[in-house]
1. When the residues of segment 772-796 are narrowed to those that are surrounded by 21 or more Cβ atoms within 10 Å (Cβ to Cβ) and assigned to a loop (DSSP other than H, G, I, E, B), which ends up farthest from the chain's Cα centre (by Cα)?
2. Open to solvent by 40 Å² or more (accessible area, probe 1.4 Å), in contact with a helix residue (DSSP H, G or I) (Cβ under 6 Å, 6 or more places away or on another chain) and not acidic (D, E): does that describe Y305?
3. Residues of segment 69-90 being of a type outside the set (A, V, I, L, M), open to solvent by less than 50 Å² (accessible area, probe 1.4 Å) and either farther than 18 Å from N58 by Cβ or in contact with a Cys (Cβ under 7 Å, 6 or more places away or on another chain) (or both), which ones?
4. Restricting to segment 167-192, what's the tally of residues that are surrounded by fewer than 24 Cβ atoms within 10 Å (Cβ to Cβ), assigned to a strand (DSSP E or B) and touching a residue at least 40 places away in the same chain (Cβ under 8 Å)?
5. Scan segment 492-508 residue by residue and report those that are open to solvent by 10 Å² or more (accessible area, probe 1.4 Å) and assigned to a helix (DSSP H, G or I).
6. Quick test for you: out of D300, D292, pick the one residue that is among the acidic types (D, E), closer than 30 Å to V209 by Cβ and within 24 Å of the chain's Cα centre (by Cα).
7. Go through L732, L704 for me and flag whichever is in a strand (DSSP E or B), open to solvent by less than 20 Å² (accessible area, probe 1.4 Å), touching a residue at least 60 places away in the same chain (Cβ under 8 Å) and hydrophobic (A, V, I, L, M, F, W, C).
8. Based on what the data block shows, is G544 closer than 30 Å to T320 by Cβ, open to solvent by 10 Å² or more (accessible area, probe 1.4 Å), more than 20 Å from the chain's Cα centre (by Cα) and at pLDDT below 95?
Amino acid sequence: WNMLALFLLLFPLHLPTTFASDRRWLNAKIDPSGEFEIFMGEERRPWFSSNGVMVRNNGVLYRTASNRREGEDSQVLELKSLEQTGPGWDALGAIEKEVSISYAAGSMPFVTKIRQYQEGFIVFEQVFPEGASNTSAQDHDKLISSFPTIKLHSEGGKGGAMAAGGDDDNRGFLAYAGHMVGSSYVTAPWKTARESLPGGIEGTGPLVVFTGEGASESPAAVVISPLTSFMSANQVVDPSPLSPSLGYGLMGSVTSVPRKYSVATIFFPSTHIHRAMQGWGDLLLKNGNNADKRKQSRTDFTVNYLAYSTDNGAYYYYLTEQNKTYQDTLIDIKRYAEAEGIPYRHWLMDSWWYFKGDKNGVKNWTAMPSIFPDGIDYVYNRTLWPIVAHNRYWSANTDYAKQNGGDFDFCVEHDGSQMAVPLEQRFWDFLLSDAKKWGLHTYEQDWLYNEFEGLQCILESATLGRQWLLQMASGAAKNSLTIQYCMSWPRHVLQSTEFSSVTQARASDDYHPGNDQWRIGVTSIFAHAVGLVPTKDNFWSMEGEVGRYGNDTEPFPALQAVVSTLSSGPVAPSDMIGESDVKLILRSVRADGLILRPDRPAMVIEAAIKRSAAASNPKQDNKPLGDIQVAHSVVSGLPYMQVLAVESPSYNLSLMAMFQAGGYDDVTPAIVEAFLCFETSGQDPLRNFQELDRRSSSSSSSSLQLPAAPTKKDFSLWNVVPRIPSTSWVFLGEAVDKWVAVSGSRFSEIQANNEELSVVASGGPGEIVTAYARPADDLPVAKGRCEVPEAGAVKMIFDLDGGSSCGAI
C-alpha cells in the first residue's frame, strides 16, 4: 500500500473545527504494518512513534516482526487484518476514526485499536477476544502485553527524531510514582526517560510530557495513563540499549486473562501541564460515570470541618494521658477544646484501637476493651464527633475469614506476607453498617499498596484488585459513608475515578514534628484532577510543644496550618492537651469549625515543574523556583487566589501563570480588569498593596512581584482579589484574621455600585466577622465588624467614607 494514501484515508489532513487557537490536539499516522507516529497540533510536530506490539500466551512470547529482539526466545505476532471505521460515538465523546488491527498469537486472537477523538485525544486499546492462559512473565513489574509501545531516547543520549527523544528535544516529564498519590514523583528531561522514568506496579500512573520553559515551539503537554483496568495495568520501560521503549499493558504477574478483557491507554493533549491534567481527569471521571465527582467530594463533612487527629505524628498516637485510657483522653480533649474555643467537629482514630493478628495485620476490626472500656459509641455520644476510622491490611488469621471460623470468603495466604483480602460484597456491607452504629463517618483504608503487593492472588489476577476496591466503595456507598485512601499508589488513585464514595486521599507521607511532608503542591494536581480532595495529615500548632517524640518539636506550625488550609481538605491539629495555639488554629476556620478554604487546592506552578525537570531553553533562567503554589476560588462569580511561596527566590508571577496553575488558560471574565495583592503572612496586610492590570502589556504591571522566601519560617502568603467589575471597589475580606481572605465558605452575594459595597457573611451564631474593603485607589480601607445572628448570616455594608454597617438578610 501507498503509506501516504493510507494515512490520508484514515486521518484526513483537516484541522478540528471545534478547537480554539489555544487548544492542542494529536493526530496519528498509521502504516500498513500497524506501526504509528503521533503528531502534535497544527504545527504537526512528531511527539511519539511506536515500537511494535507484544503479548504472551501459553508460555510463549509473541512480538510483531519488526520488534523481535536478537537472541530472544519469541515468536512472530502475525498481523491478520487492519480495518478503519468512523465517525462514531462512545462514552468519551465523538470519535473521528477508529483503526482496528487483528493479530494471531499462535491460535489466540489479539486485537489492538486506535481511536482518534474530535476533541484531540487518542485512546489505544488492546483486547483479548478469547482470553489468554499461562501468561505470566514471572515479574509483576514487567508486562504480559504491550500496546501502545513508544520509542524512547537511546543509550548515550543519541536519538534524532523528536518522537524518540533526540538531542534537540527539550521536552521534560512529570511521572507520578510511589505511595501517597504518587508522592515519589519524578521530573526529568524526556531524553533521559530510558534511565529515569518510573514504572511497574509502583510507578504506573499519569505521565505528563511537556515542552520546556521558553521553548521555540508553542507550549504543549500530553498526559499518558491507563484509561481502564487500573489495578492490573502497568507502564514499563524496556531499557534495551538499541531499542528502548515505554510500553502499556497488563502487569507481568497476571497468569490468565478473561474473555473479552481489554486494557485502554489515553494520550490527552493541552497547552499546559495543569490544563492537560484537568482535562485528562475530566475524561477519566466521565469514563467512570463520575463526571461530578470533584463537586461531590467537596461536600464530604470530614473535608469541610476542623478535625482532631491521633494519626502517626500526633501527640496521642499510641499514647494516652498518664494513667488514663483512650476513652478518658478523648473526652478530656473534647473538654479542653470547648474551654479554649477550638471548634473541632470530628476526629481521626488511628490504628491503636483494634485487634491485631499475624504480621500485625487486622484480626478483628472492633475496639479493644482496654482502649474503650465502654465502647466507641460511648465516646461518640460524649463528644458528638463523627469518626474517621483507620484500617490496615487483613491478617491471614483474621476472624472474619471462613478459613478461620468466620462467615466470609477471603483469599488467605499463610506464606510470605500472611495477609488476606475479602472476596465478597456481603463482608463490606456488614463491616461498615456495623461501624456506622458507633459513629463512623469516613473509613480510612491505609496500607493500600502493602495489601496489593503482598497478596499473590491479587498480583496474579486481572480482576481481583479492582473487585477488592469496588466492593469496599460499594459498601461505603450503601451506608452513606465516605472513604479516605492512604498509602495509595497511583493505580489506586486512578481506580477511585469509578467510586463516588472515595472522596479524599493522603497526598504526602506521615507527619512528624519538623519534617517536610507539607510539600503537597504536585500531588494535589493529581488528586484534584481525578476528583479527590488532598489531605496533608495532622500537625502540631505550638512551636514549643515537646515530649511525645523525645526533643522533637514543630518549628513551622504556621506553615503547616497554611498548607492544610490551602489543600482544600482536612485541617487536623494533633496537640497535647494544654499545648494548642488557639489563635493559629482559628485562622483556618469559622467559629463553627467550617474550614475557610479555597475551591481548588494550592498547586505548584508550571514553571517550577519545568525547571525541576531541567526542561528549559538554555537561554532561560534555569534557577530552581522552590515551592510556589496557587490556590483558586470563585466567589459571587469572581476569581480569588492565594499564592504561597516557600524556600523560593524572588520571582515575578504573572496573572496568566496563576490562572494556569488552576487548570485554566484564563479564569477571569473579560470584565475583570484589575487585581489587588496583599501579603497575608506579613505583619500588616493592609499596609502595602500590589496592583495588577490584566490588560497591561508590561509584565511588571501584570505580575505579582514575589519577594524571596528563603526559609520555611519566612514563607510568603499572598491573597489576590479582583476589582469589582464596573466599580472601583475591591473586597479584601478577612485580610487580617484568616489565611484565605475571601472564601466561599464565608462570603457570598458580593455586590457593589458607586456608593457602597455589600456582602453576605456566614458563620456560627454569635461569631464576630471582621472584613475590609477598599472603595478606590485614593481612599482609605474601610473596616466592617458584624456579629452573625442565630440565622447564621449577616449582610456587611461598606461605604465610600470608610464607614460600615450590618444588616439583616
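1. P775
2. Working: open to solvent by 40 Å² or more (accessible area, probe 1.4 Å): yes; in contact with a helix residue (DSSP H, G or I) (Cβ under 6 Å, 6 or more places away or on another chain): no; not acidic (D, E): yes.
So Y305 does not fit the description; no.
3. Taking segment 69-90 as the starting set, the residues that turn out to be of a type outside the set (A, V, I, L, M) are 69-75, 78, 80-81, 83-90.
Adding the requirement that they be open to solvent by less than 50 Å² (accessible area, probe 1.4 Å) leaves 74, 81, 86, 88, 90.
Listed by number, the residues that qualify are S81, G86, G88, D90.
4. The number of residues fulfilling the criteria is 5.
5. Scanning segment 492-508 gives a single hit, E498.
6. On the way: D300 fails: closer than 30 Å to V209 by Cβ.
Answer to the selection: D292.
7. Details: L732 fails: touching a residue at least 60 places away in the same chain (Cβ under 8 Å).
That would be L704, the only listed residue that is in a strand (DSSP E or B), open to solvent by less than 20 Å² (accessible area, probe 1.4 Å), touching a residue at least 60 places away in the same chain (Cβ under 8 Å) and hydrophobic (A, V, I, L, M, F, W, C).
8. On the way: closer than 30 Å to T320 by Cβ: yes; open to solvent by 10 Å² or more (accessible area, probe 1.4 Å): yes; more than 20 Å from the chain's Cα centre (by Cα): yes; at pLDDT below 95: yes.
Yes, satisfied.
The values are calculated or read from the model by the stated rules, or taken from the named source; none is laboratory data. The structure presented is a predicted model; accordingly, all values stated were derived computationally and were not measured. Using ideal geometry, Cβ is built from the backbone for each residue, glycine included, and neighbour counts are taken over all protein chains shown. Areas reflect the complete protein model, heavy atoms only, side chains present, ligands, DNA and RNA absent. Shrake-Rupley method; radii C 1.70, N 1.55, O 1.52, S 1.80 Å.
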